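Note sheet for the following structure.
The values are calculated or read from the model by the stated rules, or taken from the named source; none is laboratory data. Note that this is a predicted model, so its numbers are computed, not measured. Methodologically, a virtual Cβ is constructed for each residue, glycine included, from the backbone with ideal geometry; neighbour enumeration extends over all protein chains shown.
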Amino acid sequence: MICKNCSAQIPDGSKFCTVCGHKIVVEPFVAPKPQQPPQTPYTQIPPQVQQGQVPPYNLNGTQQQTVSKNTALDAPLTVLDFFLMSLLSFVPIIGFIFLLIWAFSGNTNINRKNYARAALIWILVSIGLVILLSIIGGGILNSMT
C-alpha cells in the first residue's frame, strides 16, 4: 500500500503510516459498472407494415392514427331490419333476387350481406337434398314395379 499523505510504501493492512503517522483509510473496492449502450424504446410494427404495405405518415414523420368509424356499411342491423329481410326473402322470385343483390353487392351492410349469403347457402343445401331424395325415392319406386 501507499500512503496518500507522504507517498511512502507501507505494509498491507496498516492503519497508520509508519513514516508520517497519517491515518490510513481503506476504501472498499467498487468495480466499475460496464457501460451499456443507450436502449431505444420498443415500438410494435403496425400489422400493415408487417404485411408489406406502407403505412400513412404525417408531414412530421409520425404515423397517422386511423380510427374505424361506425359507418352504415358496418352498423348493426335492428330486429326490424332482420324481420323485414326474412319476410322479403320468403317471397318466391323477388326474395331470391333480393338475396342475390344483398349477398354480392359491394355497398351493402356487412350484416345484411352475411345474412343473405347464409340464406343462399341454405337454399342450395335444400335444393341438393330435394334432388338427392327424389333420386333415391324414384329408384325405390322404380324397383317396386
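Observations on the structure shown:
- The residues on offer are N107, N111, and the sole one that is assigned to a helix (DSSP H, G or I), of a type outside the set (S, T, Y) and touching a residue at least 24 places away in the same chain (Cβ under 8 Å) is N111.
- Selection status of I45, over 30 Å from M1 (Cβ atoms), assigned to a helix (DSSP H, G or I) and either within 26 Å of the chain's Cα centre (by Cα) or at pLDDT 90 or above (or both): no
- Residue, surrounded by the fewest Cβ atoms within 10 Å (Cβ to Cβ), within the stretch 101-119, restricted to residues that are of a type in the set (G, A, S) and within 16 Å of L87 (Cβ to Cβ): A119
- Total residues in the stretch 62-118, condition of a type in the set (V, I, T) and at pLDDT 85 or above: 9
- Residue check for A75: part of a loop (DSSP other than H, G, I, E, B), surrounded by 11 or more Cβ atoms within 10 Å (Cβ to Cβ), of a type outside the set (D, E, K, R) and free of Cβ contacts under 8 Å to residues at least 40 places away in the same chain: yes
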